[in-house]
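To start, the structure under review is shown below, and the notes come after it.
The values are calculated or read from the model by the stated rules, or taken from the named source; none is laboratory data. Computed from a predicted structure; not experimentally measured. All Cβ positions, even for glycine, are placed from backbone atoms using ideal geometry, and neighbour counts span all protein chains on display. These accessible areas exclude ligands, DNA and RNA; they are computed on the full protein's heavy atoms, side chains included. Shrake-Rupley method; radii C 1.70, N 1.55, O 1.52, S 1.80 Å.
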Number of protein chains: 2
Amino acid sequence: MLGTAQTAMDAFLRRLLLRSALGPEEQAAIRGLKGQLIEFAARRDVVLPGQRIEHACLTVAGLLGRFDQMKDGSRQITAFYLPGDMCDLHSVVAPVTGWGLTALSGATLLQIAHADLRELARRYPALALAFWRDTTTDASILSKWVANIGRKDARARIAHLLCEMGLRSEMAGIGTRTAFRFDATQELIADAVGLTPIHVNRVLSTLRSEGVAVFRNRMAEVQDWDRLAAIAEFSTAFLLLDEPR
Amino acid sequence: MLGTAQTAMDAFLRRLLLRSALGPEEQAAIRGLKGQLIEFAARRDVVLPGQRIEHACLTVAGLLGRFDQMKDGSRQITAFYLPGDMCDLHSVVAPVTGWGLTALSGATLLQIAHADLRELARRYPALALAFWRDTTTDASILSKWVANIGRKDARARIAHLLCEMGLRSEMAGIGTRTAFRFDATQELIADAVGLTPIHVNRVLSTLRSEGVAVFRNRMAEVQDWDRLAAIAEFSTAFLLLDEPR
DNA sequence: CGTCGTCTTGATTAACCTCAAGAGGTGTGG
DNA sequence: CCACACCTCTTGAGGTTAATCAAGACGACG
């Protein structure tokens, strides 16, 4: 159990190092963080909208989704989180949530106290910048989603989501961009791209019959990455934020 | 001229203080920042997509827009910036832009070197957290936009944008939520909410004839705030991020 | 074997887009 | 000072995408 927590923290450190250079002392500080492992069954809410939280959640296993609920009951998913992602690192500086967090599949989380993270940010300026940079990736994806949902048709939206999740799975070391587990249903994809599940189904059918990509049994297989990326107008830049200097 | 730069920096400090408590030393550090004032004519690009930038832009006067360009030439606006807003504070930790920035009206900006801001973040941990928190507001708005565009009809989307800009104008001290300058055209509103200008026109007409809100001559007047907020399912929470503790 | 969640398919409807044309206002040059 | 060009807003008609309504098939699991 403690071993798993340590593995999770290492994954988080690896993710930070993807985008930020950290010295040995700072790396040790991250590795020294304490957290509590928690399991969630599929479809369980992790954080409810409007809650004040005292800890951030690091995804250890499974798929998490951040969502916004409308009055008529419909949901909009605003982010997916993969293992290694800190779902709500931004809550360290904004602990009252406007959103909710759900385990889309069975999931394991590591809860880390805000106080500990703030202490690290105070003590090590490089870590403060690294945390800030990490949440900026989140914002960058969000900005892409706005453009995706606002200005593209159903086909391009779904293609874009598949490209994004593929590349992120590859970066997280849990798959390749052309073959990866995506633990969502067609209904959840619909909630993410602003469509109905029925329409998502039809679009996935055409992508499948055209030999571009297959999404089945919660697995995505991309037969023709270039074609999929072209349909999506996908560019990798928004996921690969360069470090300054 | 120098006086204007000082005024602008004070506005930025006021904005930070809305969400973060800062000691006298830290406040003095912000006031001591140096910047260069630049004027832009309406419709001029300030930052192009893919550029590497070395400074952040503080909005002094006018309206700025961040956008994403599609291959067919259509644009999606992903953020509006009002006086006092630091358009691209996140570029301090991610200096290669995936987006562009345009002056939607004639605008005055104050450019502040990333190096200076990073130096402040390094020296004053409270400022690092304050900067981080400021960009979190941006992400919070972005997340609302995703839900807005993804799950609401044209009427609700436009109502939501009017509510948001009204409240932000009020918070920035440049208007009230029911009467404020919004220096956009119907076409720009369309680019922000993912609709065509023609449809925006029709929706604004109905809102006007129903006595809910009037948008004309780049001014918004809300006759019935409660009604508008109800149409939009607007809640103020996402703009008012609480500070921890 | 039956139930439930998920996927699939068809038919109809509604929201929004596209194309087209004209009106009002403003700035500019003759 | 008028004429013209240009930008923005407005209105109409018809087309398209995606939503809605409805029903069934498939597979996993108790």
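Okay, here's what the table says:
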{"quantity": "In region B:39-58, residue nearest to DNA strand D (Cβ to nearest atom) [restricted to those that are farther than 16 Å from B:Leu188 by Cβ and β-branched (Val, Ile, Thr)]", "calculated": "B:Val47"}
{"quantity": "Hits in region B:18-39 - residues which are under 17 Å from B:Pro125 (Cβ atoms) and under 18 Å from the mean Cα position of the chain (by Cα)", "calculated": "B:Arg19"}
{"quantity": "Candidates B:Leu129, B:Leu117, filtered to the one that is within 9 Å of chain A (Cβ to nearest Cβ) and touching a residue at least 40 places away in the same chain (Cβ under 8 Å)", "calculated": "B:Leu129"}
{"quantity": "Residue in region B:227-235 that is within 14 Å of chain A (Cβ to nearest Cβ), of a type in the set (A, V, I, L, M), more than 16 Å from DNA strand C (Cβ to nearest atom) and without any contact (Cβ under 8 Å) to a residue 40 or more places away in the chain present", "calculated": "yes"}
{"quantity": "Strands (runs of 3 or more DSSP E) (entirely within region B:151-245) containing at least 1 residues that are modelled with pLDDT of 95 or more, surrounded by 15 or more Cβ atoms within 10 Å (Cβ to Cβ) and of a type in the set (Lys, Arg)", "calculated": "B:179-181"}
{"quantity": "Residue pairs meeting the criteria (Cβ under 6 Å; at least 6 apart or on separate chains; first away from chain B (no Cβ under 14 Å), in region A:185-212; second open to solvent by 60 Å² or more (accessible area, probe 1.4 Å) and near DNA strand C (Cβ under 9 Å from one of its atoms))", "calculated": "A:Gln186/A:Asn201"}
{"quantity": "Only listed residue being at the interface with chain B (Cβ under 7 Å from one of its Cβ atoms) and within 16 Å of DNA strand D (Cβ to nearest atom), chosen from A:Ala147, A:Ala139, A:Ala94", "calculated": "A:Ala147"}
{"quantity": "Residue, most open to solvent (accessible area, probe 1.4 Å), within region B:97-114, restricted to residues that are among the β-branched types (Val, Ile, Thr) and either within 10 Å of another protein chain (Cβ to nearest Cβ) or under 23 Å from B:Gln6 (Cα atoms) (or both)", "calculated": "B:Thr108"}
{"quantity": "Selection status of B:Arg181, closer than 25 Å to B:Ala8 by Cα, of a type outside the set (A, V, I, L, M), within 13 Å of DNA strand C (Cβ to nearest atom) and not assigned by TED's automatic domain parsing to the domain that holds B:Arg43", "calculated": "no"}
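Results for (1) at pLDDT below 95; (2) assigned by TED's automatic domain parsing to the domain that holds B:Leu188; (3) in contact with a Leu (Cβ under 7 Å, 6 or more places away or on another chain); (4) farther than 22 Å from A:Leu239 by Cα, shown as yes or no for each residue.
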{"position": "B:Pro95", "(1), (2), (3), (4)": "yes, no, no, no"}
{"position": "B:Trp99", "(1), (2), (3), (4)": "yes, no, no, no"}
{"position": "B:Ser105", "(1), (2), (3), (4)": "yes, no, yes, yes"}
{"position": "B:Thr108", "(1), (2), (3), (4)": "yes, no, yes, yes"}
{"position": "B:Ala115", "(1), (2), (3), (4)": "no, no, no, yes"}
{"position": "B:Tyr124", "(1), (2), (3), (4)": "no, no, no, yes"}
{"position": "B:Leu127", "(1), (2), (3), (4)": "no, no, yes, yes"}
{"position": "B:Phe131", "(1), (2), (3), (4)": "no, no, yes, no"}
{"position": "B:Thr137", "(1), (2), (3), (4)": "yes, no, yes, no"}
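The rows are residues; the columns are (1) touching a strand residue (DSSP E or B) at 6+ places or on another chain (Cβ under 9 Å); (2) open to solvent by 40 Å² or more (accessible area, probe 1.4 Å).
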site	(1), (2)
B:Thr7	yes, yes
B:Ala11	yes, no
B:Ser20	no, no
B:Pro24	no, yes
B:Ala41	yes, yes
B:His55	yes, yes
B:Val60	yes, no
B:Asp68	yes, no
B:Lys71	no, yes
